[in-house]
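Take a look at the structure set out below.
Please treat every number below as a calculation from the coordinates, not as lab data. Because the structure is predicted, anything quoted here is derived from the model rather than measured. Neighbour counts are summed over all protein chains in view; Cβ atoms, including those assigned to glycine, are modelled from backbone coordinates with ideal geometry.
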Amino acid sequence: GQQVMQIPQYQHVQEGEDFTTYCNSSTTLSNIQWYKQRPGGHPVFLIQLVKSGEVKKQKRLTFQFGEAKKNSSLHITATQTTDVGTYFCAGWDGGSQGNLIFGKGTKLSVKP
Amino acid sequence: NAGVTQTPKFQVLKTGQSMTLQCAQDMNHEYMSWYRQDPGMGLRLIHYSVGAGITDQGEVPNGYNVSRSTTEDFPLRLLSAAPSQTSVYFCASSWVSNQPQHFGDGTRLSIL
């Protein structure tokens, strides 16, 4: 079945450093979504990518969808303490009974 | 507009007890789902529903039952609680299954 792998599992950065998390699917995706979960909170939707090669930006966050629609990345420029949390990708391959498959997440900690 | 409301927020059970986790949404979403989140395991789909009267199993359905008698409500029942069911449970809803999910605040469940 469809699998979504996410790396790294953990990332510790100094405030001001950049951060990137990667998401790879075993199958071609119809769309990919990114979520952020603050410590003790619930996942919150950030963005959805649909087109091959698509790049979207939200302030310091840049999201990319690969040309083959099998991988994606989230890059944060100049991290801040408010960026702390776990970032999840979730993809849909058009099968899987229509359900999103979540990656295991990347937990980001930021040292001030 | 409350979004997705989960109750209770915390619960401690003894092995063998049964209980129902409540989930309600006020966005008129057709798709609702239950996930469990365990350390290092990401979000795993337990059960889902594509509309009132329709439910189906996700990745980890054993030990759980669901029903969907109305569009708004999607309760999750633990039939006979086991320590392996200690987890954080999230309910989510959306217009359709592969679109951005709105998550509730979660229920933190401990089974002793």
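Assorted remarks:
- Compactness of the protein assembly as shown - radius of gyration and Dmax, Cα, Å: 17.5, 51
- Residue order for A:89, B:23, B:91, fewest other beta carbons within 10 angstrom first, comes to B:23, B:91, A:89.
- Residue order, fewest to most surrounding Cβ atoms within 10 angstrom, among B:54, A:47, A:32, A:101: B:54, A:47, A:101, A:32
- With neighbour counts taken as other beta-carbon atoms within 10 Å, the residues A:83, B:73, A:18 rank, fewest first, as A:18, B:73, A:83.
- Of B:74, B:88, B:45, farthest towards positive along the dipole that unit charges on Lys, Arg, Asp, Glu beta carbons give chain B: B:88
- Kirkwood's formula applied to the C-alpha pairs of region B:1-65 gives a hydrodynamic radius of 13.5 angstrom.
- Projection of the Cα convex hull of chain A, averaged over all directions and equal to a quarter of that hull's surface, yields 6.5 nm².
- 3J(HN,Hα) couplings calculated from phi for region B:107-112 with the Karplus curve 6.51 cos²θ - 1.76 cosθ + 1.60 (θ = phi - 60°) are, in sequence order, 10, 9, 10, 10, 10, 9 Hz; Gly and Pro show x.
- Each principal axis of the Cα cloud of region B:36-76 was taken in turn, and the coordinate range along them, longest first, works out to 34, 18, 14 Å.
- Applying a DSSP loop filter and a limit of 15 other Cβ atoms within 10 Å to the trypsin sites (Lys or Arg not before Pro) in region A:23-91 leaves A:51, A:59, A:60.
- Within chain A: Cβ-based charge dipole about Cα centre, in debye rounded to nearest 20 (Lys, Arg +1; Asp, Glu -1): 160
- C-alpha center-to-center spacing [region A:27-69, region B:19-70] in angstrom: 23
- The string of couplings for region B:86-103 from the Karplus curve (6.51, -1.76, 1.60, θ = phi - 60°) is 5, 5, 9, 10, 10, 9, 9, 9, 6, 5, 9, 4, 9, 9, x, 8, 9, 9 Hz, one whole number per residue in order, with x for Gly and Pro.
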